[in-house]
Amino acid sequence: MAINFTGGQTSSPILQIGSYYTRSQMSYTSSGSSFNASPIEVTMTPSSTSSKVLVFVQLCAGGDSGQRQGFRVRRHRNVPNDLEYDLFRANAHGSRTRAACTVVPFGGNGINVMSSQFIDTPGVNTQCTWRVEVSGEANTTFYINRSPSNADSGNVYVGMSSMIVMEVAG
């Protein structure tokens, strides 16, 4: 399998793929602008320090109507004294919460699809973990794969969320 770059340039092989899929229904209540770690994570050991890593996230998310919510992706490199690193999130702007993707939920029986894709350069060939963290505005609840009401009706849907991580030769 290969990724073709614009202009017909040579292609780079995908060296490995890791994924996490969940159909489980989860809920997280945030305090202010804090983020909660979800179980949506992928661990992989890049084969080279020059490798690039493509990260794809899709969340089926529900929340209270009119209450903003968002997610971010953090990467932890299994290197001594290394801190977790927030990937692909907005620049700091005043006191606003920085996220990779945000949405104002439908509320009730609604589910929003939130997705983000980006390229990471871990710069190590030791184990790394990419993890999705979620947040809801002002102590509201962030639901994954379900609506806030979660009504038991054939007209109400449940979803599935995923994360795919692909190492591409650098």
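Quick look at the numbers
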read-out	value
Rg/Rg_ref, the chain, where Rg_ref = 2.2 N^0.38 Å and atoms are Cα	1.12
Karplus 3J(HN,Hα) series, Hz, for the stretch 158-170 with 6.51 cos²θ - 1.76 cosθ + 1.60 (x for Gly, Pro)	10, x, 9, 10, 8, 9, 10, 10, 10, 8, 10, 4, x
Distant-in-sequence amide H partners of G107 (H built 1.01 Å from N, under 5 Å)	G63, S65
Test item: Cα-centred dipole of the chain, Lys/Arg +1 and Asp/Glu -1 on Cβ, debye	160 debye
Surface share of carbon and sulfur [accessible, 1.4 angstrom probe, percent] for the chain	46 percent
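The values are calculated or read from the model by the stated rules, or taken from the named source; none is laboratory data. Computed from a prediction, not measured in an experiment: that's the story for all the values here. We place every Cβ from the backbone using ideal geometry, glycine too, and count neighbours over all the protein chains shown. The protein model used for the area step is the full one, side chains on, heavy atoms only, and it has no ligands, DNA or RNA in it. Shrake-Rupley method; radii C 1.70, N 1.55, O 1.52, S 1.80 Å.
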